[in-house]
1. For the pair Ala97 and Ala151, how long in nm is the line joining their label points, each one 7 Å along Cα→Cβ?
2. For Ser161 and Arg47, what does the FRET efficiency come to when R0 = 22 Å and r is the distance between their Cβ atoms, rounded to the nearest 0.05?
3. Please list, in order, the residues from segment 48-65 whose amide nitrogen is less than 13 Å from a point placed 7 Å along the Cα→Cβ vector of Leu127.
Amino acid sequence: MSVHAFVHRLASTALLLLVLGACTIEPPAAEPERKARAGCVALTLGRESFEVAVAADDERRRIGLSGCQTLARNEGLLFLYRVPAPRSFWMKDCFVALDILFLDAGGRILNVVTMQPPHSGTADLDLPFANSVGHAAAVLEVCAGTAVRLALKPGDVVRWSAFNGVVQ
């Protein structure tokens, strides 16, 4: 790995940790939509409140949760896209198991895929992909087991004010 690539990866990881660190949350609030910390949004998934970081630009979406060592029960990362399209995700450099929820523009769950971190040394070409069933306008990554714990299924809705028919 070149020095430039190493520095870029280190800076990207530091940015990710900074954003995720800013999203440490308190126990879920009773109200469905509470005020989120800077850089994060509050949303409701099933019967629980979550505070998630947002990946709304190409660089943040590229980094995703790469380098993430832990993820609290009600934290996650919300990927937003201007144009709904088929989406594919992988677990490159991610160390925590995830539920990946593919969402339409109204916040409706299209499908859920649970993924485990790859074994150390797995070549990029051998990494499995999670694919949307249909055109996703957003993708929500949360701790693996969340979908089962909350009995989430396709058709259920993630409640957040931006999901009003069009993701901004």
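1. With each label point 7 Å from Cα toward Cβ, the separation is 2.2 nm.
2. Efficiency, rounded to the nearest 0.05: 0.75.
3. 61-65
Just so you know, all these numbers are worked out from the coordinates, no wet-lab data involved. It should be emphasised that the depicted structure is a prediction, and the values quoted were computed from it without experimental measurement. We place every Cβ from the backbone using ideal geometry, glycine too, and count neighbours over all the protein chains shown.
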